[in-house]
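Undergrad: Handing you this structure, nothing more for now.
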Amino acid sequence: MSYDKALNLFGSVDLDYDGPFPNQVGLITGCPTAGRITQGPFGGKSHGNVDAYDFGAPWNSPVYATHDGIVATAVDGYAPWFYCDTRNCSFGNVVIIAGTGPGPNDHYTTTYAHLLTVAVSQGQQVEAGKTLLGYVDATGYTFDENGNPGGTHLHYQYNGPGRLELPAGCGM
């Protein structure tokens, strides 16, 4: 399933809407991995317009679902430590989970990228904090601004209404 289709799994998500969406407090109920946040949203070398966090974590650290939902995309075709030199393969091994919020138009997705392996399959139901999605690696486009490998980390991204709010203590 394409990334665009994953965004629309439960209906249309208007990412250009500038209306008064509330922050999605309470939808994200856990940390995806035990690593520390090394890059925050809307800035830095690769998160210019993206509501995403990078969690620096040791190789092979487990990654868990942060909310209940359905696996919209599960790509597990890149070899460990596979680097690419274009953004066409930027996420490497990746899982995208579709979820719904409290309102009728509160559909959203979370993305878990640069995984060593993927432990779920498309269409699978996942449970926050309990479903193992995969393991941290550096597959895909993980170079820094100088062209050096960026190291093992989890790219965790939110797409939907409002802004992502991580639970207290996550990434510390």
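The values are calculated or read from the model by the stated rules, or taken from the named source; none is laboratory data. Quick caveat, the model's predicted, so the values are computed rather than measured. All Cβ positions, even for glycine, are placed from backbone atoms using ideal geometry, and neighbour counts span all protein chains on display.
Undergrad: Here are some residues: GLY147, GLY160, GLY151. Which one is of a type outside the set (Phe, Trp, Tyr), at pLDDT 80 or above and at positive phi?
TA: Being of a type outside the set (Phe, Trp, Tyr), at pLDDT 80 or above and at positive phi holds for just one of GLY147, GLY160, GLY151, which is GLY160.
Undergrad: List the pairs whose first member sits in segment 143-172 and is over 17 Å from ASP68 (Cβ atoms) and among the acidic types (Asp, Glu), whose second member is at pLDDT below 80 and part of a strand (DSSP E or B), and whose Cβ atoms are under 7 Å apart, counting only residues at least 6 apart or on separate chains?
TA: Qualifying pairs under 7 Å: none.
Undergrad: Condition test on THR142, is it modelled with pLDDT under 80, more than 25 Å from ARG36 (Cβ to Cβ) and not hydrophobic (A, V, I, L, M, F, W, C)?
TA: Taking the combined requirement at face value, the residue does not satisfy it.
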